Each structure stands twice: as C-alpha cells, then as structure tokens.
2 protein chains.
Amino acid sequence: MVALIAIYKAPENKSEFDSHYKDIHSPLSAKMEGLKRLEIAHVKNMLTPPTSTIAEAPYLFCTMYFEDQAALDNSMRSPSGKAAARDLMGFAGPLVSMVTAEVEEIAL
Amino acid sequence: MVALIAIYKAPENKSEFDSHYKDIHSPLSAKMEGLKRLEIAHVKNMLTPPTSTIAEAPYLFCTMYFEDQAALDNSMRSPSGKAAARDLMGFAGPLVSMVTAEVEEIAL
C-alpha cells in the first residue's frame, strides 16, 4: 500500500475551512480514481515541543491509500485527481504540505 | 477512533535508526495496551515546498489507533505504554513530534 498524506496548518478561519473541507473537498477527494481508503485525522493536542520538522501542531492530516505507486500516480493525473488538486489549491494552497509514503501495517 | 501520531525527522544514521525501529521500538509499540491498529508510513517524497507546518520532509509517520481518548490515555499510563515511551525517548527523543487526533474514515 502507498499513501498520499496531506498535512494542513491551522487556517485563519476554522469554521469556513471546516465547511469547505467537509462539503466540497472531502467528497472530491473520495472520488479519486483508485482510492482504497480515505482517513482524516483532526488533531487535538500536540504532546511534544516544536522541532524543525513540526514547528507547530498541524490542524488536520488526510491520508489517501492506494494499492501501489502506479495507482497513486494514475489517480493524480486523472480528471478526478486534478479536480481534487484544483480545489485544494484554491482553498488551502498555502496551508498544505503533501508527502507520499510506503505504508506498512504492523501485526499486533 | 482516536490516534496517537508520531512524526519523525530524518535521523543522522538511517540504518541504525531503521534497525532499532524495526527490531526494538515497533514490537514494544505493538504491545501497547488497547492498541487497535499500528501503521507505519515510510515517507518517499515531499510534493510541496517547505512551509511553517512542515519545514522538511518527515522520515516516518507512526499512527497508533485506539477506541477512544480514555483507551489512549490508559495505554500511555500503562507499563506497556511507559516501556514504549522510554525506548522512544532513548533512541529518537529529539527527532519525534507527537500529536493526538480524532480519526474519521470517509466513505468512498
């Protein structure tokens, strides 16, 4: 599994951000081609002091899971991926950082 | 569901970090009381420029899922939680940021 992870800085206007995220962006993301799972983590507390990687508590993490890197690449190039990206840049361009990652589930 | 998310900055010695993580830290984390799922995301690429939220690509995300906040709190106070925290501070204290979050899965 690979994931596209979006990390959002706290917006100035949280209720406006939250409404757009829930009503517009999240449904657009959910339509992305090849998406296997979509998970949103709403940050509550930061337990550690700031570091050079995380200078302040993020506001939200969004993790989009795909079968493999090819599926993620295809999705980002697809019309559904482009629509989600266009919306993202419009409402949260300066707030978002994105990384790709190889995901491993550890047996308990 | 709530999650305890650990975000690691890239270590100086990656192979030493990776070995300790895989052989010692990950098994200790997997034993944490009340843990429902343990997922590790090994970052491959950062797609966006540095921002004040993420100044440089993290090296690894670890997401620990619990039923609710009480289960997470209990786990962190339990001997298994303290053992994992003690190990973490010993090998990666200055590298790690930790947040708690409310997790929402979006229907596709």
Give segment B:1-28 a look and list any residue that's touching a strand residue (DSSP E or B) at 6+ places or on another chain (Cβ under 6 Å) and either assigned to a strand (DSSP E or B) or open to solvent by less than 20 Å² (accessible area, probe 1.4 Å) (or both), or say none.
B:VAL2, B:ALA3, B:LEU4, B:ILE5, B:ALA6, B:ILE7, B:TYR8
Selection from segment A:42-74 of residues that are of a type in the set (A, V, I, L, M) and more than 7 Å from chain B (Cβ to nearest Cβ)
A:LEU60, A:MET64, A:ALA70, A:ALA71, A:LEU72
Evaluate the following for A:ALA83: is it open to solvent by less than 70 Å² (accessible area, probe 1.4 Å) and under 12 Å from the mean Cα position of the chain (by Cα)?
no
Quickly run through segment B:22-38 and pick out the residues that are free of Cβ contacts under 8 Å to residues at least 60 places away in the same chain, more than 10 Å from every other protein chain (Cβ to nearest Cβ) and either within 11 Å of the chain's Cα centre (by Cα) or at negative phi (or both).
B:ASP23, B:LEU28, B:GLU33
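If we scan segment B:39-58, do we find a residue that is under 20 Å from A:ILE54 (Cα atoms), in a helix (DSSP H, G or I) and out of contact with any strand residue (DSSP E or B) (no Cβ under 8 Å at 6 or more places or on another chain)?
no
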If you go through segment A:59-108 one residue at a time, how many are free of Cβ contacts under 8 Å to residues at least 60 places away in the same chain and part of a loop (DSSP other than H, G, I, E, B)?
5
Selected residue [under 11 Å from the mean Cα position of the chain (by Cα) and surrounded by 15 or more Cβ atoms within 10 Å (Cβ to Cβ)] from B:ALA57, B:ALA101, B:ALA41:
B:ALA41
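The values are calculated or read from the model by the stated rules, or taken from the named source; none is laboratory data. Just so it is clear, the model here is predicted, and its values are computed rather than measured. Neighbour counts are summed over all protein chains in view; Cβ atoms, including those assigned to glycine, are modelled from backbone coordinates with ideal geometry. We work out accessible area using only protein heavy atoms, side chains counted, and drop any ligands, DNA or RNA first. Shrake-Rupley method; radii C 1.70, N 1.55, O 1.52, S 1.80 Å.
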